[in-house]
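A short worksheet on the structure shown next.
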Amino acid sequence: MNEEEKEVLHPTIANRDVTLHILKAFGLHTSKKLGQNFLIDKNIVDGIVAAAGVQPGDRVLEIGPGIGTLTQGLAEAGAEVTAVELDKKLPAVLAETLKGYDNVRIVPGDILKVNIPEIMGPGPFKVAANLPYYITTPILMALLEQHLPITQLVTMVQKEVADRMVAQPGSKIYGALSVAVQYYTEPEIVLDVPPRSFIPAPEVMSVVIACKVRETPAVVVRDEKTFFRVVKAAFGQRRKTLANALKGGGFPKEQVRDALEHASIDPTRRGETLSLEEFGRLSDAFC
Ligand code: SAM
């Protein structure tokens, strides 16, 4: 099939006119509540597919396929796509827009509730998404905390969220999200995406961020639960000293004093100045 024939059979969905046509043909109205901002720029779709390094046969989990815009790019690159969509109206639409792509499987449901190991089966997979912005952080945390065999996670997020994901110690926006993302992955912002790349245009700037999942976390800790409890407490009250923030987070006074001393960390420092390695040392001192 040449490009022209392909365009007739499978018009590129990442296009303003095609997207408007699909919305009209199916009587769809984008839902703000579900974070529906559909991509209309083929270059961005190609950028996500390239950043995920999708090769023919790769298994890819897509979150929120919408009308199939990114799904089509992934399918064209030869991925075996499993796409989870919450909007009950969309599976019927996707059956039409992605007709003929036998490497796509749509799973209706909420990504925060579906059993991912069950739908993905054994073996490594990649994640690609243009995430609904109202639940970006819960989705990222759920994917990372489950220790799923994800190798690469490439997603569109609000620029402000991506900046927090890559923030370094000492920065005002360095926080629990930065530590968690960098603990599990090596994040890198790969594309800036303006509002005009979507229908409807969001009020914020977006970026594509590629998170290469580490084979072992950035720091090896005795107990991951304690590590994240310490991180949460340290950033829970950012203006307080580390010692007071930890106490405020429920750690007993004596334990806080001993742990900080044992880890050789100045109790008057603030949580936002600690590196991942220091958080690891401090967390181990509590175990
Ligand atoms: N992938 C499409 C694109 O790039 O044009 C649509 C992206 S749109 C930003 C987000 C999609 O996620 C919507 O289709 C929305 O219905 C879906 N969605 C929202 N919440 C979801 C959830 N909890 N689980 C799965 N999909 C969800």
Considering the range 66-83, residues that are surrounded by 24 or more Cβ atoms within 10 Å (Cβ to Cβ) and within 25 Å of E186 (Cα to Cα), and then whichever is nearest to the ligand (Cβ to nearest atom), we arrive at L70
* Asked: Do we find that G57 is more than 12 Å from the ligand (Cβ to nearest atom), assigned to a loop (DSSP other than H, G, I, E, B) and touching a Leu at 6+ places or on another chain (Cβ under 8 Å) in this structure?
  -> no
Of the candidates T216, T151, the one satisfying the condition of being assigned to a strand (DSSP E or B) and surrounded by fewer than 21 Cβ atoms within 10 Å (Cβ to Cβ) is T151
Matching residues in the range 167-181 (in contact (Cβ under 8 Å) with a residue 24 or more places away in the chain and either over 20 Å from E215 (Cβ atoms) or more than 13 Å from the chain's Cα centre (by Cα) (or both)) number 9
Of the conditions (1) more than 12 Å from the ligand (Cβ to nearest atom); (2) in a helix (DSSP H, G or I); (3) in contact with a helix residue (DSSP H, G or I) (Cβ under 6 Å, 6 or more places away or on another chain), the single one that A92 does not satisfy is (3)
So, first residue touching a residue at least 60 places away in the same chain (Cβ under 8 Å) in the range 187-211, second residue loosely packed, with under 15 Cβ neighbours inside 10 Å and of a type in the set (A, V, I, L, M, F, W, C), Cβ within less than 9 Å, six or more apart or across chains; the pairs are V193/M205; I199/L20
Within the range 1-51, the count of residues that are in a helix (DSSP H, G or I) and either buried (at least 16 other Cβ atoms within 10 Å of the Cβ) or among the charged types (D, E, K, R) (or both) comes to 21
Per the list (1) within 29 Å of E80 (Cβ to Cβ); (2) assigned to a helix (DSSP H, G or I), residue check on I209 breaks on (2)
For E62, the lone unmet condition from (1) within 17 Å of the chain's Cα centre (by Cα); (2) among the acidic types (D, E); (3) away from the ligand (no atom under 16 Å from the Cβ) is (3)
Quick check, is V45 of a type in the set (V, I, T) and either away from the ligand (no atom under 12 Å from the Cβ) or at pLDDT below 95 (or both)? no
Considering the range 219-241, residues that are under 23 Å from the mean Cα position of the chain (by Cα) and in a loop (DSSP other than H, G, I, E, B), and then whichever is nearest to Q182 (Cα to Cα), we arrive at V219
Note on R196: of the conditions (1) in contact with a strand residue (DSSP E or B) (Cβ under 6 Å, 6 or more places away or on another chain); (2) assigned to a helix (DSSP H, G or I); (3) under 30 Å from T19 (Cβ atoms), unmet is (1)
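The values are calculated or read from the model by the stated rules, or taken from the named source; none is laboratory data. Note that the coordinates shown come from a computational prediction; the quantities given were computed from them, not determined experimentally. Positions of Cβ are generated from backbone atoms using ideal geometry, with glycine treated the same way; all protein chains shown enter the neighbour counts.
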